[in-house]
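Reviewing the structure listed below.
The values are calculated or read from the model by the stated rules, or taken from the named source; none is laboratory data. Predicted, not measured: the structure shown is a model, and the values here were computed from it. Note: ideal-geometry Cβ built from the backbone for every residue, glycine included; neighbour counts use all protein chains shown. Surface accessibility is based on the protein's heavy atoms, side chains included, excluding ligands, DNA and RNA. Shrake-Rupley method; radii C 1.70, N 1.55, O 1.52, S 1.80 Å.
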Amino acid sequence: VRLVESGGGSVQPGGSLRVSCTASGFIFRLSDMAWYRQAPGKQRDLVASISTSNTTTYKDSVKGRFAISRDNAKNTVDLVMHNLEPEDTAVYYCNVYGTLWWGQGTQVTVSS
């Protein structure tokens, strides 16, 4: 199993970013996927998930600002983030939901 994140970076408060995950080594279309994030000194938290039938869930603090989507033809799962806040600063990780398969993470920094 391989999960490779891309995107992320630094943005000012109120800005937008997209993080993407390209998956391989398993049957992507049959797997629920998720994005987690971990801020310094804090536990890793679920941000959003998407099922094989495209049902989505979101952490309360990101509802209305973040959107998760998947492309089964490309084996990718994206997280588009709008109206970013300093509290969104963290390393964002792609995950095959319910497993210990993780990507290496990508840094998102929101700062003025």
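Are any residues in segment 70-88 assigned to a strand (DSSP E or B) and of a type in the set (Asp, Glu), and if so, which ones?
Those that are assigned to a strand (DSSP E or B) and of a type in the set (Asp, Glu): Asp71, Asp78.
Could we say that Gly8 is loosely packed, with under 15 Cβ neighbours inside 10 Å and in contact with a strand residue (DSSP E or B) (Cβ under 7 Å, 6 or more places away or on another chain) here?
no
Which residue out of Arg18, Arg29 is open to solvent by 60 Å² or more (accessible area, probe 1.4 Å) and either assigned to a strand (DSSP E or B) or within 13 Å of Gly105 (Cβ to Cβ) (or both)?
So the residue among Arg18, Arg29 that is open to solvent by 60 Å² or more (accessible area, probe 1.4 Å) and either assigned to a strand (DSSP E or B) or within 13 Å of Gly105 (Cβ to Cβ) (or both) is Arg18.
Select from segment 58-76 the residues that are without any contact (Cβ under 8 Å) to a residue 24 or more places away in the chain and of a type in the set (A, V, I, L, M) and write down the one among them that is most open to solvent (accessible area, probe 1.4 Å).
Here the answer is Ala73.
Quick one: count up the residues across segment 49-69 that are over 11 Å from the mean Cα position of the chain (by Cα) and either assigned to a strand (DSSP E or B) or farther than 16 Å from Leu17 by Cα (or both).
10
(1) without any contact (Cβ under 8 Å) to a residue 60 or more places away in the chain; (2) in a loop (DSSP other than H, G, I, E, B): which one isn't true of Pro13, the others all being true?
Unmet condition: (1).
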